Amino acid sequence: MKAAVFAALLLSMPVNAQVLWPDPPPLQIRPRVLLPPAEFDHEYIGTTTIIRMPMVNLQSACRAAVVSACAKVVDDKTCNVFILDDDDLTWFGWADQYDFILRHEIGHCNGWPQSHPKD
Ligand SMILES: [Zn+2]
């Protein structure tokens, strides 16, 4: 019950950045997505809007065939992050990866190139 209430509180927050930074929780779940290099792995300075949607819509929003999320930098103070909705995250086996996916995409908001260079 407490976990459900906590999860509901997290979902009601505009951005989970408060949970991710400055001190990310210990990795109890292994990330299956690439995490950004330290220079890009921090809170986005600006407005981040997280938009959840099913795969069929995400493919259009991200212009990719199979994707869990993408980030679109709107301007130097605005970044939109599109992430699969909970039903499709679960369907594709990514339900425990939400925070990592969000960190990955906020890394892109912070300027991490789409080619994912390691440095
Ligand atoms: Zn990426």
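Give the peptides 33-43, 56-66, 76-86 in descending order of average Cβ contacts within 10 Å, highest first.
Top of the packing list down: 76-86, 33-43, 56-66.
Find how much the distance from Arg63 to Gln114 grows on full extension, using 0.36 nm per residue of separation minus their present alpha carbon separation; answer in nm with one decimal.
Between Arg63 and Gln114, full extension yields 17.0 nm more.
Between rounded, prolate and oblate, where does the stretch 21-108 land on the alpha carbon gyration tensor, with a ≥ b ≥ c its root eigenvalues, rounded for a/c under 1.5, else prolate if a/b exceeds b/c?
In terms of gyration-tensor shape, oblate.
The numbers here are math on the coordinates, done by the rules we state, and not lab data. Predicted, not measured: the structure shown is a model, and the values here were computed from it. Heads up, the Cβs are rebuilt from the backbone with ideal geometry, glycines too, and the neighbour counts pull from every protein chain shown.
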